[in-house]
Amino acid sequence: MNPRDLDLVIAAVHAVGPCPAGEEADWTDRVRERERAVGLYVLGDTVGQDIARLDAAKQFTATLLDVKVESSSTRGVLVLRNTSGELEQPIRTDRGDCEAGRAMIERARALIGHRVRVYQLNERMASNPKLEVRIVVHLADFGLDTDPVHENSAKQNVLAAAEGDTALAQHAWSQAGLPESGAVSVRQLTDALARLPQADA
């Protein structure tokens, strides 16, 4: 049993009170009813916080090309190509060691190659309140991006993802089997980005 569930059970037991002798079955049922009620209350509080974050979020449309996970923070880092054809500055999920962060990382991985509506907040870093980090709070799926990507734009995207390392970008391009000239598909571009090594910020 995880700590939150244990807290709910303890709260339900306190709410119901001591178990009278001979009424163990009825008492257990009352505890379960209280536990469900407390659980619904906690869930409602969590949903309320999520909606507040959504209301405050900025929105933009982009194509999701890759998701990396930082070993230091456990956050997912989304690689997004905006409607101008450029890569967005890094946008991170909540920490991957919490339920919301894990769920967002998995959702983002499932949407690689899709056009998405990104809901993003700027949040202050706990370690340095003077700095802010961009956090994704929701992704709306607009379906697979089937538009061709111009050769120069695709190569610039790979170079940007490689942090300007030309040799690394060329190696990833070659390893993914992308053509030397001509437009590529979004799927081909995601394959090239997946060949780049994990860079932990």
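Structure summary
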| item | result |
| --- | --- |
| Neighbours by Cβ (under 8 Å, 6+ apart or cross-chain): first from the stretch 103-118, in contact (Cβ under 8 Å) with a residue 12 or more places away in the chain; second of a type in the set (S, T, N, Q) and loosely packed, with under 14 Cβ neighbours inside 10 Å | Arg115/Thr61; Val116/Thr61; Arg117/Gln59; Arg117/Thr61; Val118/Gln59; Val118/Thr61 |
| Filter result (under 18 Å from Ala172 (Cα atoms) and in contact with a helix residue (DSSP H, G or I) (Cβ under 8 Å, 6 or more places away or on another chain)) within the stretch 65-77 | Leu65, Asp66, Val67 |
| The stretch 109-124, subset open to solvent by 70 Å² or more (accessible area, probe 1.4 Å) and over 14 Å from Phe60 (Cβ atoms), residue modelled with the lowest pLDDT | Arg124 |
| Unmet criterion (only one of (1) open to solvent by 60 Å² or more (accessible area, probe 1.4 Å); (2) of a type outside the set (Lys, Arg); (3) more than 13 Å from Val67 (Cα to Cα); (4) within 12 Å of the chain's Cα centre (by Cα)) for Glu106 | (3) |
| The stretch 160-189 residues that are in contact (Cβ under 8 Å) with a residue 60 or more places away in the chain and closer than 18 Å to Val79 by Cα, paired with ones that are of a type in the set (Lys, Arg) and surrounded by 12 or more Cβ atoms within 10 Å (Cβ to Cβ) (beta carbon under 8 Å, 6 or more apart) | Leu189/Arg81 |
| Pairs where the first residue, in the stretch 69-91, is within 15 Å of Asp145 (Cα to Cα) and the second is open to solvent by 30 Å² or more (accessible area, probe 1.4 Å) and part of a loop (DSSP other than H, G, I, E, B), C-beta under 7 Å, 6+ apart | Leu80/Glu88; Asn82/Glu88 |
| Hey, Thr93 among the polar types (S, T, N, Q) and open to solvent by 100 Å² or more (accessible area, probe 1.4 Å) or not | no |
| Lone qualifier among Glu151, Glu163, Glu132, Glu180 - being modelled with pLDDT of 90 or more and open to solvent by 60 Å² or more (accessible area, probe 1.4 Å) | Glu163 |
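The values are calculated or read from the model by the stated rules, or taken from the named source; none is laboratory data. All values derive from a computational prediction rather than experimental measurement. All Cβ positions, glycine included, derive from the backbone under ideal geometry; neighbour counts span all protein chains shown. Side chains are part of the model used for accessible areas, which takes the heavy atoms of the whole protein and leaves out ligands, DNA and RNA. Shrake-Rupley method; radii C 1.70, N 1.55, O 1.52, S 1.80 Å.
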